[in-house]
Amino acid sequence: MRTNHHLPLHELRRRRSRRANALLLALGATTTLVVAGGTLLVSIAQERTATEQAIVAAQARDASTSGAEDALARLATDPATVGSWQVDLGGPLADVTVVDWGDNDSDDDGDGAADEADEQTYLSVVSIGRANELLDGAGFALDRRARRASSTTEVILQRTVLDISANQAVYVDDANASFKFSGSAFLINGNDTNLDGSAGPSAALPGIGTVGNPAGIKSQLKSNQKDKVIGLGGNPSVATVTDIDLTATMDALKQLATVEFNGPDDSFSGELGDLEGEVPVVTWAKGNLKLNGNTSGCGVLIVDGDIDFNGTFDYAGLVYVSGAVRFNGGGGGKNVRGALFTLGAVTGNDITINGSVALAYSSEAIALVNTQLSSGVQIVSWRRR
Ligand SMILES: [Ca+2]
Ligand SMILES: [Ca+2]
């Protein structure tokens, strides 16, 4: 029987060494397992931290957006809204501040001057959303919560400032415009007329105004029609007025449209704004428009094409037409208080006036439109960080 005692010394050492190595290997495996388990736990914890942080960051962003939306809602109700307030979103909070650039002693557009004319129509909203943050009594953040986040939304707004004026009751962009005046039941009136038909406070304007020599338009009125165009300068009241960039004016007003017809040919009867309640709207027809039946309204009516007034029409405000204007006979009276502007038709008569048509300059109607439609704000920019 062979025992270790019979082994040479060097062989004995070699065997012991091999056993020790095996033991070390076993120990090493255990250590690796322990380390791997530890890494896994740390990794899970880190992942949870990241998830929680992402949730909190998202809550802060949502809060900052909600705060800005709250400011817009308040401005829609009361355009004079300024100041600071807090919106509580059931945990997350938003600190909202609305500043009127025209009135804050600050050079908000960075042009070197504070509160100058350029800044007068602008507002800014800053909404700082915070999630999981403790605040002290003075509103300062306390550094106690493990995870917290804040996010800022900045919105720049511009007030709508509408300053439409009229220099006549009916403006024709072309002194060579062809009219078709039928009968003598119409009245184009440059004398200021209130909505109730009484005399208004402003000075009389021409009934028809055009760019260039008005003789061509005057000559199209028969003798029994000359006193159907009244206002500044006697009968017929047709005069040269300041050239208007009608296309640019119409393009600017289209931005405010809340009622749209998509063209190329639309028909409508009903209300375009609330005439009775004096609530104006901007209507934009992107093609030809036929108004049939009973139509009434208040505001601005823009037509990129020809307009046919077929039924009864009762309107306070401004009518802009890029094509022909046809007040067709029959179907009841057509009544516009405010002003009417046309570029003229591509072919055929530019303006047809047939039947009971009353077109009167009305400073009251124009002021109503300017005031009521100037109360809105438009978003110039919106960013969140
Ligand atoms: Ca300012
Ligand atoms: Ca400035």
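Here are the numbers:
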{"read-out": "Volume of the Cα convex hull of region 170-373, divided per residue and given in Å³", "value": "106 Å³"}
{"read-out": "Diffusion coefficient, µm² s⁻¹, Stokes-Einstein with Kirkwood Rh over alpha-carbon pairs of region 54-159 at 37 °C and 0.692 mPa s", "value": "225 µm²/s"}
{"read-out": "Kyte-Doolittle mean at least -0.5 and Cα axial length at least 20 Å: DSSP H helices in the chain", "value": "9-77"}
{"read-out": "Total lysine pairs under 18 Å (Cα atoms) in the chain, excluding pairs fewer than 8 apart on one chain", "value": "10"}
{"read-out": "Order of 119, 278 under a 10 Å beta carbon neighbour criterion, fewest first", "value": "278, 119"}
{"read-out": "Alpha-carbon Rg with Dmax, taken over the chain, Å", "value": "38.0, 151"}
{"read-out": "Nearest-20 debye value, the chain charge dipole, Cβ charges on Lys, Arg, Asp, Glu", "value": "3420 debye"}
{"read-out": "Positive dipole terminus of the chain, leading residue within 185, 209, 293 (C-beta point charges)", "value": "293"}
{"read-out": "Amide H contacts of residue 299 (H built 1.01 Å from N, under 5 Å, at least 5 apart or other chain)", "value": "281, 316, 317, 318"}
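We did not get these values from a lab; they are worked out from the coordinates using the rules stated. As the structure is a computational prediction, the values presented were derived from the model and not from experiment. Cβ sites come from the backbone with ideal geometry, for glycine too, and all protein chains shown count toward neighbours.
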